[in-house]
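The values are calculated or read from the model by the stated rules, or taken from the named source; none is laboratory data. Being a predicted model, the structure only gives us computed values, none of them experimental. Note that each Cβ is placed from the backbone with ideal geometry, even for glycine, and that neighbours are counted across all protein chains shown.
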Amino acid sequence: MSAKAKALIALEEKYGAHNYHPLPVALARGKGAYVWDVDGKRYLDFLSAYSALNQGHNHPKIVAAAKAQLGRLALTSRAFHNDRLGPFLKLLCETAGMERALPMNSGAEAVETAIKAMRLWGYKAKGVDQDRAEIIVCERNFHGRTTTIVGFSSDEESFANFGPATPGFVKVPFGDADALKDAINANTVGFLFEPIQGEAGVILPPAGYLKKARRLCSTYSVLMCADEIQSGLGRAGALFACDHDSVKPDLYVLGKALSGGLYPISALVGRGDVLELFTPGTHGSTFGGNPLAAAIGEAALRVILSEKLPERSAKLGAGFLSKLKTLNHPKLHEVRGRGLMMAIEFTEPVQPLVEDLMARGLLAKGTHENTIRLAPPLVINQAQLDAAFKIIAAAVKAFPQ
């Protein structure tokens, strides 16, 4: 590592809170599926900023939209209308097949919005007694870092020392439809879930689980809310991961790739009768839905649709997953994934392997000690995937047995 890189990393370590443990690399620029560090070394990006970069680094059409809007109008607050928000919301709703959208900034904000929406609907439409609403969530979930959200996490690193936990949430095992049914009662207003659990290590649901969950939610008048912040917008080989099971939730929580990585943009998109319950003063955000965000978001969505990134993810992901399944190592437990959302799980900590991949020119990140997530930009091409597999195969072969 150069003196320049060391100095930059040292500045972060000195002045920043130590709430992350980054790999020892200082990145300076990116394009498509590649990033370059301050010393000019090139890497394949197989994290994609936790799937915020489905369209790749600095997609020219999204960058152009951002630059054009920066010269016109960036922020008005929602106290006034602007000329960019309406077209963005229309495209977003049409893309999701929903009636209304509520724009925010971060994914966690969108999840908090979903929680408020489900509770509001429970009181106003379902008739649940005030302050009795319950939302069912899944064990090993990851929905963000706010105090409310970490309160229903089952990951001790997320919730320890941040209590007391906000009441009103019931945890059930992911993939267990019987447990979901048993947890539903008269006060249940929503079921919040990830169609594929990303932070848990790309955990796929059992066949038929999402359809059973949809039937239960419909039968017992419970809002089905899919957190597709990481798995949606093409990442899992379909526009939404729920599409693999032909399931339509009542609400989608979206973020990350909604901006192509250029700006914090998120949204709750869903049924009109649910989102119409919000009235002026009940929810908002100074920056949510600003003209710059709307221009970027519209461009980001158009890239996903026009370049057929979900279809690209499905085709390239299937081939790459097949190759990954040829890897052989005594400590290799499982290879799994859908689309270009994949994971390799070992029986021991993978940090040494992650660092070896970095040294060989591929950036990825471990989760829950034993698992490496692999999520390249959806614009990656076959030659780049072939090069990535050679790097991964060599690193796995060198991983101590």
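So here's what we get for this one:
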quantity	calculated
Complete set of residues in region 338-365 that are in contact with a Pro (Cβ under 8 Å, 6 or more places away or on another chain) and under 23 Å from Gly237 (Cβ atoms)	Gly339, Leu340
Qualifying residues in region 320-368 (those that are of a type in the set (Val, Ile, Thr), more than 20 Å from Asn141 (Cβ to Cβ) and crowded, with 16+ Cβ neighbours inside 10 Å) - the one nearest to the chain's Cα centre (by Cα)	Ile344
Output for region 72-96, where each listed residue is over 27 Å from Asp243 (Cβ atoms) and charged (D, E, K, R)	Arg72, Arg78, Asp83, Arg84
Extreme residue, nearest to the chain's Cα centre (by Cα), among residues of region 268-289 that are under 26 Å from Pro377 (Cα atoms) and not small (Gly, Ala, Ser)	Leu268
For Asp129: the one exception among (1) closer than 17 Å to Met224 by Cβ; (2) part of a loop (DSSP other than H, G, I, E, B)	(1)
Some residue of region 93-112 being crowded, with 21+ Cβ neighbours inside 10 Å, in contact with a Lys or Arg (Cβ under 8 Å, 6 or more places away or on another chain) and assigned by TED's automatic domain parsing to the domain that holds Phe191	yes
Test: residue in region 315-334 that is in the same structural domain as Ser218 (by TED's automatic domain parsing) and of a type in the set (Asp, Glu)	no
Criterion (within 29 Å of Ala74 (Cβ to Cβ) and surrounded by 24 or more Cβ atoms within 10 Å (Cβ to Cβ)) met by exactly one of Leu258, Leu275	Leu258
Search result, residues across region 177-215 that are buried (at least 17 other Cβ atoms within 10 Å of the Cβ) and assigned to a loop (DSSP other than H, G, I, E, B)	Ile184, Glu194, Pro195, Ile196, Gly198, Glu199, Ala200, Gly201, Val202, Leu204, Pro205
Of the criteria (1) within 23 Å of the chain's Cα centre (by Cα); (2) at pLDDT 95 or above, which one Tyr20 fails	(2)
Residue count for region 108-137, restricted to those that are touching a Leu at 6+ places or on another chain (Cβ under 8 Å) and within 25 Å of Ala49 (Cβ to Cβ)	6
Residue that is farthest from Lys248 (Cα to Cα), among those in region 63-94 that are within 25 Å of the chain's Cα centre (by Cα) and of a type outside the set (A, V, I, L, M)	Arg84
Yes/no for Ala74 being within 20 Å of Glu298 (Cα to Cα), in contact with a Leu (Cβ under 6 Å, 6 or more places away or on another chain) and outside any loop (DSSP other than H, G, I, E, B)	no
Condition check for Gly261: in the same structural domain as Gln230 (by TED's automatic domain parsing), touching a strand residue (DSSP E or B) at 6+ places or on another chain (Cβ under 9 Å) and in a loop (DSSP other than H, G, I, E, B)	yes
Residue among Gly30, Gly16, Gly56 that is surrounded by 18 or more Cβ atoms within 10 Å (Cβ to Cβ) and over 25 Å from Val253 (Cα atoms)	Gly30
